[in-house]
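Written below as structure tokens is the structure these notes are about.
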């Protein structure tokens, strides 16, 4: 079945005037936000723009194939899409601008965003999802006990600073955490900007705590939110969603379905699945049950302890989780276990997680047996 790359081969010659912006275009632009555009796309302060084809030329002058192969899989896939987009009539002249990229270890913050000005006169504001930095993953964990994470606040600030003087209709979107940021920014931004928002795309990103869904601004924006998840979604099932979900088929298995490059495409839309898989619902229930059995203070301490281990083991990215670095992690765990307080919290949290995971596993197995 076709994927995003096939879509660019088959429909890349169609201008937006011939074939209007669609959900597949949204995911492609959301994925391009994973590309490191430092020194390539003008910063938000400059007010300048660069054509996508020119930005790609600059990028691949600086990044050869060997270097790209060393990146995390999201960055590798994004680079592949970037090269393909640059060779199409549909995307080559899209204008990129207002790039921002922040990583703050002290605040546990990872945030990046940029604008894509389309030939149809609209602007797509893309928010980067979790990259391969450990700090980005730590920020995701903070959603389990914080009402608002730093990246959500940055998303609102960024949108208000960069869209205030624009008169174009706006689309917002992102993949994974980026989808969550897009929705949060749309809900919490100034009403004058909200009125220009046409659509908001949450592509397999987490939802929100219930008090956000009850917010009046969320209810006003709800009809514009488009949530897309693969059949076996995990990340996209986290926290609460009220808006309808489009469930799509994926060529991958289990957690790898989170990768949009695996989502099946037919024409200008994704291939629909009837509903989210039962396994996805069971995993969602297991995670929720685990969190409900831990107080917010216990969740915070568990996350702090877990990422303190990574920090002391000099683990800064997912790529650092090699066999050699894991030896450092094991050593750090042993050191932390010498502290009774840390040992109790880690042990209890992991025990509850194991119990809920085992319950989900056996539930899934029983469902498969019934199906056979």
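Does residue 114 satisfy being outside any helix (DSSP H, G or I), out of contact with any helix residue (DSSP H, G or I) (no Cβ under 7 Å at 6 or more places or on another chain) and modelled with pLDDT of 95 or more? Judged against the criteria, residue 114 is a match.
Any idea which residue in the range 252-266 is surrounded by the most Cβ atoms within 10 Å (Cβ to Cβ), counting only those that are in a loop (DSSP other than H, G, I, E, B) and free of Cβ contacts under 8 Å to residues at least 24 places away in the same chain? Only one residue fits best here, namely 252.
This table checks each residue for (1) farther than 28 Å from residue 150 by Cα; (2) in contact with a strand residue (DSSP E or B) (Cβ under 9 Å, 6 or more places away or on another chain); (3) exposed (fewer than 15 other Cβ atoms within 10 Å of the Cβ).
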residue	(1), (2), (3)
3	yes, yes, no
20	yes, no, yes
29	no, yes, no
33	no, yes, no
47	no, yes, yes
56	yes, no, no
62	yes, no, yes
89	yes, no, yes
111	no, yes, no
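The values are calculated or read from the model by the stated rules, or taken from the named source; none is laboratory data. Bear in mind the structure is a predicted one, so any value in this text is a computation, not a measurement. Cβ: placed from backbone, ideal geometry, glycine included. Neighbour counts: every protein chain shown.
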